[in-house]
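Below is one structure, written out as structure tokens, with a few remarks after it.
The values are calculated or read from the model by the stated rules, or taken from the named source; none is laboratory data. Predicted model only: the values in this text are computed from it and were never measured. Heads up, the Cβs are rebuilt from the backbone with ideal geometry, glycines too, and the neighbour counts pull from every protein chain shown.
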Amino acid sequence: MDVTDELVAKIARLSRLALGEEESAEMKEHFRKVLGFVSELESLDLEGVAPSLFALDASNVQREDEPAPSLPAGAALANAPAAHPPFFLVPRIVGDAGEPEMSP
């Protein structure tokens, strides 16, 4: 695949990036290097190599799910900027776009 100025411009537009001429030239060279590396990977002989998801053996380390006492409401609300126990007060995000209101 040839890396053209149009391709760099399209990728920048899709990524919502505003690139100057110098940045576009740098990205073009970067894309060429990445594609060259991918080309090297494609040329590897993988006959007899089993597909794998992970390079290393890995397993999830999970702890037992044991019930424990909850944090007291007063402690949970202690650092809240606004509270109405036992609730946190947060700005309204649904409704009129007027003045922000605090609601439980």
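Is at least one residue of the range 24-37 part of a loop (DSSP other than H, G, I, E, B) and either surrounded by 10 or more Cβ atoms within 10 Å (Cβ to Cβ) or aliphatic (A, V, I, L, M) (or both)?
No, the range 24-37 has no match at all.
Could you go through the range 48-59 and let me know if any residue there is modelled with pLDDT of 85 or more and in contact with a Pro (Cβ under 7 Å, 6 or more places away or on another chain). No, every residue in the range 48-59 fails to be modelled with pLDDT of 85 or more and in contact with a Pro (Cβ under 7 Å, 6 or more places away or on another chain). For the range 68-84, the set of residues classified as surrounded by fewer than 10 Cβ atoms within 10 Å (Cβ to Cβ) and assigned to a helix (DSSP H, G or I) consists of 75 only. Of all residues in the range 5-22, those satisfying the criterion of being in contact (Cβ under 8 Å) with a residue 12 or more places away in the chain and closer than 16 Å to residue 34 by Cβ are 7, 8, 11, 12. Which of the residues spanning the range 16-33 are under 14 Å from residue 2 (Cβ atoms) and under 21 Å from the mean Cα position of the chain (by Cα)? Those that are under 14 Å from residue 2 (Cβ atoms) and under 21 Å from the mean Cα position of the chain (by Cα): none in the range 16-33.
Which of the following residues is within 30 Å of residue 88 (Cβ to Cβ) and in a loop (DSSP other than H, G, I, E, B): 65, 57? Break it down into steps so the answer makes sense when it comes.
Details: 57 fails: within 30 Å of residue 88 (Cβ to Cβ).
Criteria check complete, one pass: 65.
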